[in-house]
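Worksheet: one structure, shown below.
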Amino acid sequence: MAEAALAAAEVVAGYTAYIELVPAQLLAGKTVAATGMTGEVARCRAALEAAAAGKRVVLVSSGDAGVYGMAGLALEMLEALGLADRIAFSVVPGIPAVCAAAALLGAPLTHDFAVVSLSDLLTPLPVIERRLEAAFAADFVVAIYNPRSRKRSGYLAAAFACAARHRHPDTPVGMVKNAYRPNQEIRITPLAAADAAWADMLTLVIVGNSASRLAAGRILTPRGYAGKYALGQ
């Protein structure tokens, strides 16, 4: 679906780093509207204005556009600019980073889980801290987006400290950098040994719940089948 949308587009808009991930042949002959970090509103406006002018437009996100992506802002601005009746809007589903990372780590998300971003550009830090505390206290597996940047170098360490108040030190923690992209790296460690300094903005972190464990070298969060069925027979 994404390939078909890109092939049919006349205008492709997106964050520069994500535009660079689009195969060159899908951008050939198209108008490209790329902006840097924090340029979300500008590129979304450019995309909507082009669409309002009758162009076929694709707004590119990484992962899934509806998970910390541009789908929400596009829909919000579509409404704010009064263009809802003039532009046909649709979202192409993708593979969220949390799912890509989980596949590489094993099966850490096979029971209830929560997803929290540590970026405080749009969400106040006290809100993030409150959500982390609640998720760990409720024994969710917790997946962490945007774990660490130069300006937020201590946030992931604080999240691990929060986890440690509710989890055993041996709780498995998986960290995946550049999932399914060049320079992919995977780390699985106990919570007590998790190295926050290793992570960056392209890392997805998953902290297990009280039942999560290692199985064949991968992270497993059991769904509960072993308590109901004789799995070894």
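The values are calculated or read from the model by the stated rules, or taken from the named source; none is laboratory data. This one's a predicted model, so the numbers in the text were calculated from it and none came from an experiment. Virtual Cβ from ideal backbone geometry, glycine too; neighbours counted across all protein chains shown. We work out accessible area using only protein heavy atoms, side chains counted, and drop any ligands, DNA or RNA first. Shrake-Rupley method; radii C 1.70, N 1.55, O 1.52, S 1.80 Å.
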- Query: When every alpha-carbon pair in region 1-78 is counted, what percent end up more than 14 Å apart?
  - Reply: 57
- Scattering curve values for region 119-174, log₁₀ I(q)/I(0), Debye with Cα scatterers, q = 0.18, 0.22, 0.25 Å⁻¹: -0.60, -0.88, -1.11
- Query: Given the rule -39500 (n - 2.57) for each run of at least 4 DSSP H residues, summed and divided by the residues of the chain, what is its mean residue ellipticity at 222 nm, to the nearest 500 deg cm²/dmol?
  - Reply: -8500 deg cm²/dmol
- Charge dipole magnitude, Cβ of K and R +1, D and E -1 - region 1-114, Cα centre, debye nearest 20: 300
- Note on the structure: At the level of C-alpha centres, the distance separating region 42-56 and region 64-120, in angstrom, is 20
- After finding the eigenvalues of the alpha carbon gyration tensor for region 9-131, what semi-axes result from the square roots of 5 times each, listed largest first in whole Å? 28, 19, 14
- Message: Can you give me the % of accessible surface on region 33-188 that is carbon or sulfur? Probe 1.4 Å, all protein chains present, nothing else counted.
- Response: 55
- Item | Dipole moment magnitude, nearest 20 debye, region 95-177 about Cα centre, only Lys, Arg, Asp, Glu C-beta charged | 380
- Charge-dipole axis of the chain as Lys and Arg at +1 and Asp and Glu at -1 on Cβ define it, positive-most pick from Val22, Gly208, Ala47: Gly208
- Message: Skipping prolines and chain starts, which residues have an amide H placed within reach, meaning under 5 Å, of the one on Ala215, given they are 5 or more residues away or on another chain?
- Response: Leu220
- Note on the structure: Taking only the alpha-carbon positions of region 75-194 as identical scatterers, the Debye log10 I(q)/I(0) at q = 0.19 Å⁻¹ comes out as -1.10
- Note on the structure: Stokes-Einstein D for the chain (10 °C, 1.306 mPa s, Kirkwood Rh from Cα pairs), in µm²/s, comes to 82
- Message: What is the sum of charges, Lys and Arg at +1 and Asp and Glu at -1, for the other residues whose Cβ falls under 9 Å from the Cβ of Asn209?
- Response: -1
- Using +1 on the beta carbon of Lys and Arg, -1 on that of Asp and Glu, and nothing else charged, what's the dipole of the chain about the Cα centre, debye to 20? 380
- So what J values fall out for region 124-130 if you push phi through Karplus, 6.51 cos²θ - 1.76 cosθ + 1.60 with θ = phi - 60°, rounded to Hz, Gly and Pro as x? x, 4, x, 5, 4, 4, 5
- Note on the structure: Long-range amide H partners of Leu59, meaning residues 5 or more apart or on another chain whose placed amide H is closer than 5 Å, are Ala13
- Item | Residue-wise HN-Hα coupling along region 171-181, computed from phi with Karplus coefficients 6.51, -1.76, 1.60 (Hz; x: Gly, Pro) | 4, x, 10, x, 10, 10, 10, 6, 4, 6, 10
- Task: Place +1 on the Cβ of every Lys and Arg and -1 on the Cβ of every Asp and Glu in the chain, take the dipole about the Cα centre, and give the residue among Ile87, Val127, Val176 whose Cα lies farthest towards its positive end.
- Result: Val176
